[in-house]
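Notes follow once the structure below has been shown.
The values are calculated or read from the model by the stated rules, or taken from the named source; none is laboratory data. Since the structure is predicted, the reported quantities are computational estimates derived from the model, not experimental observations. Note that we place each Cβ from the backbone using ideal geometry, even for glycine, and neighbour counts take in every protein chain shown. For accessibility, only protein heavy atoms count, side chains too; no ligands or nucleic acids. Shrake-Rupley method; radii C 1.70, N 1.55, O 1.52, S 1.80 Å.
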Amino acid sequence: MAAFAIVMMVGLVLIHGGQCKGLFNAAEALHKAKDAENGDVGPDVKAFNVLDYGAKPDGKTDSSINFRRTFEAACNFHGDAMMVIPEGEFLMGPVLFSGPCSNPSLLIIQVNGIVKAQSNMAYYRGGGDDDTDWITFQAIDGLIVSGRGTFHGQGSQVWGFNDCARKSNCVRLPATLKFIKVTDAIIRGIKSIDPKGFHIMISMSRNFRIFSVDLQAPGDSPNTDGIHMSKSDLVKISKTVIATGDDCVSMIHGSTNISIKKVICGPGHGFSIGSLGHYDDEADVSGIIVKNCSLRETDNGVRIKTYKTESPSKASGIIFQDLIMTRVRNPIIIDQEYGNTKYSQPSKVRISDVHYINIRGTSASKVAVDLLCSASNPCQGIHLDNVNLQYAGPPNDDMPFSSNCRNARVAYHGFQSPPPCR
């Protein structure tokens, strides 16, 4: 873990077009993001305001092309640049903001207005891996998205089209913000309301920080993950509030060196690693820490879930520490029989070196620790250290407050409630 912490702090070199942008200083970049929220970026930064490129702050006129032209002007400027979305209400369909950019330092997107998505699904082809999300940032080295503004996905008008509860191979609805192949990025201060699909999606990205973000959707909104990531390294999330209808944070294949701290989660499905084993040749998941977070009335607390398929991969080096749970239905859960019950073979995903440390609060279910591991690949190195959960569910449930373990090698340390597995 010491090596992991050092890696998280090391500045990375930004390379663009063969030219070195210099070392990425996370503290300096965060300070710059704070200044950008108020527009205090100094005279050396040229502002590119969407109003100057024809965007209309009336909430009725589609400003997609105006936003794209503003971004292109800022991205192609050979100097420090900031794209400005001022106060007002802007309507926009799907837009791709694509690099590489020519700026010598991080490109700033200042968001202080309300950006609303077109609700008609005719604007979108669907949210598949190679299809249309709402706002996509792609192939950018050095990015700040900061401000007091809001992205409103108008998801309530299309959630009825979501059929993922009935179809395992469903096409997800568009994410509000998608970052793909983005390096050295800070997202700070913004708010996302009612996305059609995910609030924030991160893929094939590196050195990504999310601070003080507010993500909101009803608890019954389908597949509205707060922050969903895959094939990404060095992602740090902190001081963020997530209330949504699916996982507050979900980490699937190829997620490595992820830090989640001081996040408030609920409603939602908790913090999830997986689903894993869904695709062929999945990359491993490792170096995950979830610390100093709270969960309130979520379906799950901290969960690792894998499909029962032939797809092999590993999930290891995982720490859940100093968590407070309030009436959480499944506080601690490993589920290696997730989803596809029609398959009889056990999961090929290997889970090891998982630590649950100082977990306290209340459980809405009588089984507060449920470790259901693979028969062919039993969980190895599972450690529970000072778990103090008390039952706070229906009073007429006569079942004992307990733990359930199958195919798991578990070591216990310190206080344990519910009692350890036999």
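Listed conditions (1) buried (at least 17 other Cβ atoms within 10 Å of the Cβ); (2) without any contact (Cβ under 8 Å) to a residue 24 or more places away in the chain are all met by Arg166, apart from (1). The criterion of at least 2 residues that are over 24 Å from Ser98 (Cα atoms) and of a type outside the set (A, V, I, L, M, F, W, C) is met by the following strands (runs of 3 or more DSSP E) wholly inside the range 126-237: 214-216.
The criterion of at least 2 residues that are over 25 Å from Arg209 (Cβ atoms) and either without any contact (Cβ under 8 Å) to a residue 24 or more places away in the chain or under 26 Å from the mean Cα position of the chain (by Cα) (or both) is met by the following strands (runs of 3 or more DSSP E) wholly inside the range 32-115: 89-92. Among the residues of the range 284-318, the one identified as open to solvent by 50 Å² or more (accessible area, probe 1.4 Å) and touching a residue at least 40 places away in the same chain (Cβ under 8 Å) is Glu297.
The condition (being of a type in the set (A, V, I, L, M), touching a Cys at 6+ places or on another chain (Cβ under 7 Å) and open to solvent by less than 10 Å² (accessible area, probe 1.4 Å)) is satisfied by just one residue among Ile202, Ile144, Ile140: Ile140.
Residues that are touching a Lys or Arg at 6+ places or on another chain (Cβ under 6 Å) and modelled with pLDDT under 95 within the range 347-373 comprise just one, Ser347. Before we move on, is Asp335 open to solvent by less than 40 Å² (accessible area, probe 1.4 Å), more than 21 Å from Asp233 (Cα to Cα) and in a strand (DSSP E or B)? When the stated conditions are applied, Asp335 passes them.
For the range 116-128, the criterion of being in contact with an Asp or Glu (Cβ under 6 Å, 6 or more places away or on another chain) and among the charged types (D, E, K, R) is satisfied by at least one residue.
Every test in (1) open to solvent by 10 Å² or more (accessible area, probe 1.4 Å); (2) modelled with pLDDT of 95 or more is passed by Arg172 save one, and that test is (2).
Here Ile237, Ile264, Ile258 are screened, and the one residue that is touching a strand residue (DSSP E or B) at 6+ places or on another chain (Cβ under 8 Å), open to solvent by 10 Å² or more (accessible area, probe 1.4 Å) and at pLDDT 95 or above is Ile264.
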